[in-house]
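Structure record follows, encoded as structure tokens.
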Amino acid sequence: QVQLVESGGGLVQAGGSLRLSCVASGRTFSSYVTGWFRQAPGKEREFVAAINRNSGSILYADSVKGRFTISRDNAKNTLYLQMNNLKPEDTAVYYCAAGYVGTMTSGQQYRYWGQGTQVTVSS
């Protein structure tokens, strides 16, 4: 069993930055693919970014490429999402996820989810 706890969300003006963190319990974090997803009010959950076990494979949604950076520190059981040049359309609840995943962009394949952290970008 793995528990994921996100932090780092908040209110920021457009063009600003935030860094999200996701701390995992358990000793198997390093064996999982991990990712970030988000859900805006009235919209479906969408893929943001994912990173494989050894950080050798990283994927981003087109909407965040060049602005967001995903990384992980397996020694600290922590996943990060550095978000720069934030836009109002980035406003959402951000969730971290982990699991043995074949398709890194598919939320359905992730077994473990955090409770989410709110990111609000004002214009």
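The values are calculated or read from the model by the stated rules, or taken from the named source; none is laboratory data. Model, not experiment: these values are computed from the prediction. Cβ sites come from the backbone with ideal geometry, for glycine too, and all protein chains shown count toward neighbours. Note: areas computed on protein heavy atoms with side chains; ligands, DNA, RNA excluded. Shrake-Rupley method; radii C 1.70, N 1.55, O 1.52, S 1.80 Å.
For the reader, a short list of remarks on this structure follows.
- Leu81 - accessible surface, heavy atoms, 1.4 Å probe, Å² rounded to 10: 0
- Cα pair count fraction exceeding 17 Å, expressed as % - the range 74-123: 49
- What the Cβ-Cβ distance of Thr105 and Gln13 gives, at R0 = 41 Å and to the nearest 0.05, is a FRET efficiency of 0.90.
- Along principal axes, Cα extents of the chain, largest first, whole Å: 41, 25, 25
- Placing +1 on the Cβ of every Lys and Arg and -1 on the Cβ of every Asp and Glu, with no other charges, gives the range 1-79 a dipole of roughly 120 debye about its Cα centre.
- Accessible surface of Ser30, taken over heavy atoms with a 1.4 Å probe and every protein chain present, rounds to 50 Å².
- Lysines with Cα under 21 Å of Lys65, excluding same-chain neighbours fewer than 8 positions away: Lys43, Lys87
- Loop-exposed trypsin sites (Lys or Arg not before Pro) per DSSP, neighbour cap 13 Cβ within 10 angstrom, longest uninterrupted part of the chain: 66-110
- Mean-position separation - Cα centroids, the range 38-74 and the range 88-123, in angstrom: 8
- Solvent exposure, largest accessible area first (probe 1.4 Å, DNA, RNA and ligands not counted), of Trp36, Trp113: Trp113, Trp36
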